[in-house]
1. With a cap of 14 neighbouring Cβ atoms within 10 Å, and only residues DSSP puts in a loop, list the trypsin sites (Lys or Arg not before Pro) found in the range 4-59.
2. Going toward the positive end of the dipole of the chain, with +1 on Lys and Arg Cβ and -1 on Asp and Glu Cβ, which of Gln65, Ala7, Leu18 do you reach last?
3. Compute the length gained on full extension between Leu176 and Ala135: take 0.36 nm times their separation in residues and subtract their Cα-Cα distance, giving the result in nm to one decimal.
4. Setting aside same-chain residues fewer than 8 positions from Lys164, which aspartates and glutamates have a Cα under 15 Å from its Cα?
5. For the range 30-84 and the range 90-115, write down the distance between their C-alpha centroids in whole Å.
6. For the range 129-137, in order, what is each residue's ³J(HN,Hα) by Karplus, 6.51 cos²θ - 1.76 cosθ + 1.60 with θ = phi - 60°, in whole Hz (x at glycine and Pro)?
7. Volume per residue, Å³, of the convex hull around the alpha-carbon atoms of the range 71-141?
8. So if I take the alpha carbon set of the range 29-84, get Rg, then get Rh from the Kirkwood formula, what is the Rg over Rh ratio?
Amino acid sequence: MKVVVLASGNGSTFQALLDNCEHANICALVTNNVNSYALQRAKNAGIPYSVCKHDQVQLNTWYHQPDLVVLAGYMRILTGTFVRRFPNTVNIHPSLLPKYKGLGTYDRVLSAGDTVHGTTIHWVVEDLDAGPIIAQESFPVWSNDTVEILMDKTKDIEQELYPKVVDKIATGEIPLRSPYL
Ligand code: GRF
């Protein structure tokens, strides 16, 4: 299964997919940020990449002919047109959805005094962070946790969980949302 990853930032999630996916074929990176470290990671790994503005992301994704699109810190909202063209698109969001859609989740968790936090992998729909949930994993929040601590813990579980889920989609253990186009 050909997987194209979309990322805008550091790319540690992209790196975890590159390092740990055994069945999915990560065939390209598409980024809207020429300065992203994700781009450097693609270069280091010899993975084909495209750098483009957000309004060209559908065209650039299409160019790599993916069976599955994996969002890994892609910091723009995809259009309805994109989602209809690539219904098999997954995202990872650092909260226990439906709680805390959008940005600033760690601050919001701490302000609310939540005792549990975690991450969610979901199919992407036009509405932000709203598609059907594929997997979630949680951990306890301690009273002296900070934003940095929560982020580190969340990224640790994300980087273990996301490659496993992407591999399960690649093997068919988790069915595609929509048949191959
Ligand atoms: C991850 O925590 C993910 O949940 C969110 O964006 C972050 C990406 O981090 N969607 P990185 O750029 O992969 O380090």
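FYI, it's all coordinate maths here, none of it is from the lab. Keep in mind that this is a model prediction, so the values were computed, not measured. All Cβ positions, glycine included, derive from the backbone under ideal geometry; neighbour counts span all protein chains shown.
1. Loop-located and lightly packed - Lys53.
2. Ranked along the dipole, the leading option is Gln65.
3. 13.4 nm
4. Excluding near neighbours in sequence, the set is Asp19, Glu22, Glu137, Asp156, Glu173.
5. If you average the Cα positions of each part, the centres end up 24 Å apart.
6. Coupling constants for the range 129-137: 6, 10, x, x, 7, 9, 7, 9, 9 Hz.
7. Enclosed volume per residue, from the Cα hull, is 75 Å³.
8. So for the range 29-84, dividing Rg by the Kirkwood Rh gives 0.93.
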